[in-house]
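Heads up: the structure comes next, in structure tokens.
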Amino acid sequence: MSAPTLKIENLKLGFKLWSGMVEVLHGISLHIGKGERVALVGESGSGKSVTARIVLGMLQEISTARISGSLNFEGIDLDKLKPRDRHHLRGTRMSMIFQDPTSSLNPVYPIFTQFREVLARANPAIGEAEARMKAIAALADVSINEPERVLDSYAFQLSGGMNQRVMIAMALANNPSLLLADEPGTALDVTVQAQTLKLMSDLVEQHGTSVLFISHNLGVVREFADRVYVIYKGRIVEQATTKQLFSDPQHPYTRALLSAVPRITGGGIPDIAEDTAGFLDPLIAHPGASEKERLA
Amino acid sequence: MKKTLLILTRNPLSLLGLILVTIIVLAAVFADFITPFPEHVGAVVDFTNFNQPPHWPNIFGTDLVGRDLFTRVVYAYRVSLILAAVVLIIAVPIGVAIGLAAGYLGGWTEYVLMRITDIFLSIPPLVLAMSIMGLLEPTLTNGMIAVTAMWWPWYTRLVYSITRSEREEGYVLAAEVIGASKLHIMFREILPNCVPSIVTKMTLDFGFVILIASSLSFLGLGVQPPTPDLGSMVADGAKYLPDSWWLTVFPGLAILIAVFGFNLIGDALREILGGDQ
């Protein structure tokens, strides 16, 4: 078996403040195989987004951050890479999609200018005409009907759903092997969110892109992901294939999380205390889904 | 740009501002052709016609050595406009670059740059300019240096505050993620979003720079005779009030009109472009 696209081992993160260290991640391990779609699920503040930023190497620039553990990208140890080479991976081999598509596009430039900058990351010598052609093709891939018009528009002239699709097209434009999706579409309404996720799902399959899908929305995760890691307060508490997790949640926290999903049949959402006993129980890996078995 | 001009002409106050500023600029540019005695700019003496109240052809009267006041006021506008333009052309890029760097880079860069800015801001502007002028020789160039030195911190503060809020925006993060350089993010992503506020402030400041420069020369620290300057004309005339009122009133009005005109446009731009102060 070839090296997984991303392998994180015993990743710890703390912030050094005047009052001492604040531990954010307590040694999490996860991996994403080639072409695999893996979800990282947890509540706000559980450490989902910081994990993505560490992978991109953006937290390392903060002087108060203390990071340990190993990061492996396609068999390369990211920490041993020169900062320059590591920087070069961003936007070419790995890219990211954000929550709010409209604010992720600079309001003062038309879409094309920004698209071209993305393409220029991979090929600095790209010409105007070629960039335009590629951009149009990429936008057509995300089912945008009038790519020409969209390219000459500004972000605020497009709808949220359109912007989200533009962001997806941009993120995949350079054929990255890893896509970090940080709660994509949370800022959109549910139907548009479902459409764009379906689209993204098809596209990553076509491109063979691995995805780390960060979300708190279990419904979306169930639709989209192959495997799920549940994270709580900086620890992975349960890992399983999507099917296993939803049919047979075992960790007390996962159960609480699942019972907190509003149901169309009513019944209300149970009150769950913040520090219910058992939430900090050690990791439960479903059969066949532990790191050891997966990476063997 | 075209749209902005159109909106400017629709509001009576901003239209007035636009007309005043246009007249001032045109008068300053074509001073050689519209003034009756262009030679009175220099050290000319005409004792047969000195200290006269307004009359034809000296519509603003004449000064103590018989020079046409109207001519000198128009030429003084030219000096003032050049001074204001040069000051802003130098002060704005410096202030903007420092504000961007402090706001985006953060950390020690921010501490050092903003504390230096605060030091400049904590000294009353006129006192700062006066002390610089006191150290240097009172010439037009040094006047520009002094006013520039007191002006850039305001742009640093303005751009710093915008940058601080813009750097949290998604597009900055998105640019960082795709690996854009710091310079690219500062100047190509964040700066364009600051432009409306900067332009608005520059228009407002144009009037204020003229005012400050006039204050300096009123105190004898600015442009030196015989070059005409509104501030020093007011200062010279003040000794002869109220009898020779025209010596003070016309240059004073000239300052008032210029500051008023630029302020009207600036206020209108602030509303149109949504720039905040």
### Task
Might you check whether a residue that is surrounded by fewer than 18 Cβ atoms within 10 Å (Cβ to Cβ), in contact (Cβ under 8 Å) with a residue 24 or more places away in the chain and either over 16 Å from the mean Cα position of the chain (by Cα) or outside any helix (DSSP H, G or I) (or both) occurs anywhere in the range B:195-210?
no
### Query
Applying the selection to the range B:192-240, what residues are away from chain A (no Cβ under 14 Å) and of a type in the set (Ser, Thr, Tyr)?
B:THR200, B:THR203, B:SER214, B:SER215, B:SER217, B:THR227, B:SER232, B:TYR240
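Could you run through the range A:1-28 and say how many residues are surrounded by fewer than 19 Cβ atoms within 10 Å (Cβ to Cβ) and part of a strand (DSSP E or B)?
Summing the residues that are surrounded by fewer than 19 Cβ atoms within 10 Å (Cβ to Cβ) and part of a strand (DSSP E or B) in the range A:1-28 gives 13.
Each row is one residue, and each column tells you yes or no for (1) surrounded by fewer than 16 Cβ atoms within 10 Å (Cβ to Cβ); (2) in contact (Cβ under 8 Å) with a residue 60 or more places away in the chain; (3) not polar (S, T, N, Q).
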site	(1), (2), (3)
B:THR227	no, yes, no
B:SER232	no, no, no
B:TYR240	yes, yes, yes
B:ASP243	yes, no, yes
B:PHE250	no, yes, yes
B:LEU253	yes, no, yes
B:ILE257	no, yes, yes
B:LEU264	no, yes, yes
B:LEU269	no, yes, yes
## Note on the structure
Only unsatisfied item for B:LEU136, checking (1) touching a helix residue (DSSP H, G or I) at 6+ places or on another chain (Cβ under 9 Å); (2) surrounded by fewer than 19 Cβ atoms within 10 Å (Cβ to Cβ); (3) away from chain A (no Cβ under 14 Å); (4) closer than 28 Å to B:ASN193 by Cα, is (4)
### Message
Restricting to the range A:127-151, name every residue that is of a type in the set (A, V, I, L, M) and either modelled with pLDDT of 90 or more or surrounded by fewer than 16 Cβ atoms within 10 Å (Cβ to Cβ) (or both).
### Response
A:ALA129, A:ALA131, A:MET133, A:ALA135, A:ILE136, A:ALA137, A:ALA138, A:LEU139, A:ALA140, A:VAL150, A:LEU151
### Candidates B:VAL29, B:VAL65, B:VAL92, filtered to the one that is in contact with a helix residue (DSSP H, G or I) (Cβ under 9 Å, 6 or more places away or on another chain) and within 28 Å of B:TRP245 (Cβ to Cβ)
B:VAL65
### Query
Which ones in the range A:184-234 are at positive phi and surrounded by fewer than 20 Cβ atoms within 10 Å (Cβ to Cβ)?
A:GLY208, A:LYS233
### Residue, farthest from A:PHE156 (Cα to Cα), within the range B:114-172, restricted to residues that are among the small types (Gly, Ala, Ser) and modelled with pLDDT under 90
B:GLY134
### Task
Just name the residue that is nearest to the chain's Cα centre (by Cα) out of those in the range A:55-106 that are among the basic types (Lys, Arg) and more than 9 Å from chain B (Cβ to nearest Cβ).
A:ARG93
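List the helices (runs of 4 or more DSSP H) that sit entirely inside the range A:110-160 and contain at least 2 residues that are out of contact with any helix residue (DSSP H, G or I) (no Cβ under 6 Å at 6 or more places or on another chain) and among the aliphatic types (A, V, I, L, M).
Here the list reads A:111-122, A:128-141.
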### Message
Based on this model, can you work out whether B:VAL177 counts as on the phi < 0 side of the Ramachandran plot, within 14 Å of chain A (Cβ to nearest Cβ) and at pLDDT below 85?
### Response
yes
### Message
Only one of B:PHE47, B:PHE70, B:PHE60, B:PHE30 is farther than 23 Å from B:LEU256 by Cα and either more than 17 Å from the chain's Cα centre (by Cα) or buried (at least 18 other Cβ atoms within 10 Å of the Cβ) (or both). Can you tell me which?
### Response
B:PHE47
### Output for the range B:1-15, where each listed residue is outside any helix (DSSP H, G or I) and at pLDDT 80 or above
B:ASN11
#### Entry: Selection status of B:LEU69, at pLDDT 90 or above and of a type in the set (A, V, I, L, M)
no
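The values are calculated or read from the model by the stated rules, or taken from the named source; none is laboratory data. Just so you know, these numbers come straight off a predicted model, no measurement behind them. Here the Cβ is made from the backbone with ideal geometry for all residues, glycine too, and neighbour counts use every protein chain on show.
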